[in-house]
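Single-structure report; data block below.
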Amino acid sequence: MDDLSSRRRRFRRHLLSSKGEEDYLSNLPDELLSHILSFLPTLDSIRTSVLARRWRHVWTSVPVIDFSYLQLKPTMIKRFFASRGDESASRLRLSGPSFDCDFNCESSMSRDTLVCTMVDYAKSHDARHVTLLRFFFQYLSDCFFDQLFDWPSLESLDMEVVGCKNRTLFNFSKSIVSFRLSNLKTLSLALGQNAIHDESLAKLLSACPVLEDLTLSAKFFRAAHRPIQIEAPNLLRLTLIPTPSKLQINCQKLEYLSLKSDANLTHLHIEAPSLISVRLYNIWRFRTFVQTLCDVTTVAITLSDKCLSDSTPRFLEKYKAAVQGLPIFHKLLELKIKMYVAEKFSLDIVFDLLRCTPNLQSLVLTECEKRPCDDEDFDKWEKNSSSRTNQPLEHLKRISMNIKSERIRSAFIETLSETVPAWDRVAVTC
């Protein structure tokens, strides 16, 4: 049988040679093949070993380990470790199911143990990037987090937790968990309905002296009298969705900030003198903060969300008043707006914002998904738009519009052209 297989392979190579064809992919160096396989899930990478003898051991040197949570089984992991040997691993990616599965306790505890084993293997083999997506962490103890957060060589960590609702998952104020993340530059924590304790967050941030990018999606558990504090000396990018009602940010190098508040803000203090780019949702909740943004060059705003589509006129007027009370942003060069164009007030607010941006160079309008535009409502907007007066937009160079209705696009461009002195020099893309 082996002789037959060997003869078939030789015959195939002979055919390729006679036709002037070569297997260029197999002729690539091992390092390049390993890099190519690093973009595949690990099981798919392993399957390439059956292609030919040339491919038999290539997968063992792939620096990326990528498994689904449901694929982890003791026998499979044992064979995987034995085959890889002491090869280093630069990245570990473990992902759970995209839906909520009802695992029994024994199954979940077994898989959580295997997760710990895989994380320990990656840590001992110099992995610098770890991604843990869509995990049910019911049965992981402080030992796992001590293993994960005591990792000096780690450069990026992306963790998404599902399940465990209404539980303060990250509360290490009285635990033995050690925090040593001296090389961590990127941290993303999505905890779903779970909360992170303010003292635990402070410990975590203090253990990351070179952290540059922080994304937090979680509830915040704190003492009633004190705000959540974000203090990181080298932080460049910060995303907080949702934003806690009491928040204090002290980041001297912060350049990008994204905030979305689902509740009234009772305390907001931001010390970020290097801030140049801001993304805001529910802008009326940040009215006082926006008035301090004198030096930003880029602003992205979601003008409205689903809750506004059925709001009362009184609330909409309050929303518009918040925008009309903004200062003049003399340094603002790029404005990105996401809106429901079916509401005429959204288009009104766009022009209210443009009044605040005399040096604007780039305008991006994106339409939110919504029911079809009400023609009668838009007719009223067109009639009132002629009385609108704006300061000339002398520096506008680019307009990008992702709006389905050609009528709305045309009407908006026509109205905007009244405030642009050199309209022929503006590049418009739709």
**Request:** Go through segment 168-189 residue by residue and tally those that are at pLDDT below 90, crowded, with 17+ Cβ neighbours inside 10 Å and out of contact with any His (no Cβ under 8 Å at 6 or more places or on another chain).
**Result:** 3
**Prompt:** Which ranges mark the strands (runs of 3 or more DSSP E) fully within segment 213-291 that have 3 or more residues being within 19 Å of the chain's Cα centre (by Cα) and without any contact (Cβ under 8 Å) to a residue 12 or more places away in the chain?
**Reply:** none
**Asked** Does at least one position in segment 287-294 carry a residue that is out of contact with any helix residue (DSSP H, G or I) (no Cβ under 6 Å at 6 or more places or on another chain) and either at pLDDT 90 or above or of a type in the set (Phe, Trp, Tyr) (or both)?
**Response** yes
**Message:** Which of the numbered conditions does Arg47 fail, given that it passes all the others? Conditions: (1) at pLDDT below 80; (2) surrounded by 11 or more Cβ atoms within 10 Å (Cβ to Cβ).
**Reply:** (1)
**Sole exception among (1) surrounded by fewer than 16 Cβ atoms within 10 Å (Cβ to Cβ); (2) more than 20 Å from Gln147 (Cβ to Cβ); (3) of a type outside the set (Val, Ile, Thr) for Ser206, by number** = (2)
**Item:** Positions within segment 236-259 being over 19 Å from Asp198 (Cα atoms) and basic (Lys, Arg), in sequence order
**Value:** Arg237, Lys253
**Message:** I need the full set of residues from segment 386-418 which are basic (Lys, Arg) and either closer than 16 Å to Ile337 by Cα or at pLDDT below 85 (or both), in order please.
**Reply:** Arg388, Arg398, Lys404, Arg407, Arg409
**Prompt:** When segment 90-99 is examined, which residues are found to be modelled with pLDDT under 90 and assigned to a loop (DSSP other than H, G, I, E, B)?
**Reply:** Gly96, Pro97, Ser98, Phe99
**Message:** Within segment 69-79, does at least one residue satisfy the condition of being at pLDDT below 85 and among the basic types (Lys, Arg)?
**Reply:** yes
**Prompt:** Which ones in segment 39-75 are in contact (Cβ under 8 Å) with a residue 40 or more places away in the chain and either among the charged types (D, E, K, R) or more than 18 Å from Val119 (Cα to Cα) (or both)?
**Reply:** Ala52, Lys73
**Asked** Of all residues in segment 27-52, which are farther than 22 Å from Leu70 by Cα and either hydrophobic (A, V, I, L, M, F, W, C) or assigned to a helix (DSSP H, G or I) (or both)?
**Response** Leu28, Asp30, Glu31, Leu32, Leu33, Ser34, His35, Ile36, Ser49, Val50, Leu51, Ala52
**Prompt:** Considering segment 398-414 alone, what residues qualify as being within 17 Å of Gln361 (Cα to Cα) and within 29 Å of the chain's Cα centre (by Cα)?
**Reply:** Arg398, Ile399, Ser400, Met401
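The values are calculated or read from the model by the stated rules, or taken from the named source; none is laboratory data. Note that the structure is a prediction, hence the values are computed from the model and not measured. Neighbour counts are summed over all protein chains in view; Cβ atoms, including those assigned to glycine, are modelled from backbone coordinates with ideal geometry.
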